[in-house]
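The values are calculated or read from the model by the stated rules, or taken from the named source; none is laboratory data. Just so you know, these numbers come straight off a predicted model, no measurement behind them. Cβ placement follows ideal geometry from the backbone for every residue including glycine, while neighbour counts extend to all protein chains displayed. Keep in mind that these areas ignore ligands, DNA and RNA; they rest on the heavy atoms of the full protein, side chains included. Shrake-Rupley method; radii C 1.70, N 1.55, O 1.52, S 1.80 Å.
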Amino acid sequence: MKSLKNAIETIHLLDDLAGEDTVFTRLSPLAKLGSLFIFLAALASLGPEKLTNALLLLWVLPFWYRLGRLSWKQPLRQLGPVLGMVGSIGLVNLFWFQGMPVSLGPVQIPGGIGVLLLLLLKATGCVLGAYLLLATTSLEKLACALQKLPLPQVLVISLLLTWRYLVLLLQEGDRMASAYRLRAPESRGIPWKISGSLLGLLFLRSLERAQLVYESMKLRGFQGRFPEQKNAGSLKGDLLLLSSTLAWCLFCRFGLYFFHV
């Protein structure tokens, strides 16, 4: 299926981008995690009355993407379905929200439209921020960074290996779909009457391949922790990223109050 191939290509593209040498990829994974957490926390704390603040807060993303030399084409493609789902949910506010009108700069808009726009802005920030992290930080470096946080080790391993096993699942699904098309070239898709058995077979084949991957990791010395990797960046760059992100988020969250925005 075309959707499966696109998903596999997207995961491989993220791995390739994380291996490039850019200003953002050289930064510490912990600094990028901390900056992204500060950004998302500030974005999530904004209400409908702070619609201008949310719009201004998102302007840090083009700067980060510029540092990472990332194209906007692929993340915007991933953003489309998310905005469609969030927008369909937010349409309810157009009919049921009874709040006061909100300000978008000098313009006054109904409260329901303000809530809808705020949901779309928050979804945009979450998707683009997550894509930026995955496209500038390899899976191994991200695992090492998560190990330094006070998180259960089982949780860290489960989250990171799920990403790897997801590729195996998609590859097996693509192989099975291709095999079915070769056996039934005149069929349009997979019939519902055999989809259950194919899903079960997909799970078993993916589980078998995942077990082989885990055994190969153990043979290479994996003992429940990812080995530490040296960071090519500098401490000054990490501190600059964290401090500038914190300053920008504080300004967008509270600074515009003094300008009556």
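Evaluate the range 55-66: report whether one residue or more is more than 30 Å from LEU116 (Cβ to Cβ), open to solvent by less than 70 Å² (accessible area, probe 1.4 Å) and of a type in the set (Val, Ile, Thr). Within the range 55-66, none of the residues are more than 30 Å from LEU116 (Cβ to Cβ), open to solvent by less than 70 Å² (accessible area, probe 1.4 Å) and of a type in the set (Val, Ile, Thr). For the range 126-177, the set of residues classified as β-branched (Val, Ile, Thr), buried (at least 20 other Cβ atoms within 10 Å of the Cβ) and closer than 15 Å to ILE11 by Cα consists of THR136, THR137, listed by residue number. For residues that are in contact with a helix residue (DSSP H, G or I) (Cβ under 9 Å, 6 or more places away or on another chain) and hydroxyl-bearing (Ser, Thr, Tyr), scanning just the range 178-198, find the one that is surrounded by the most Cβ atoms within 10 Å (Cβ to Cβ). Per the criteria, the residue is TYR180.
Taken over the range 21-54, the criterion of being crowded, with 16+ Cβ neighbours inside 10 Å and of a type in the set (Phe, Trp, Tyr) is satisfied by PHE24, PHE39. Summed over the range 111-135, residues that are farther than 12 Å from LEU51 by Cα and out of contact with any helix residue (DSSP H, G or I) (no Cβ under 6 Å at 6 or more places or on another chain) total 3. Listed conditions (1) without any contact (Cβ under 8 Å) to a residue 60 or more places away in the chain; (2) under 22 Å from LEU241 (Cβ atoms); (3) assigned to a helix (DSSP H, G or I); (4) not hydroxyl-bearing (Ser, Thr, Tyr) are all met by GLY112, apart from (2).
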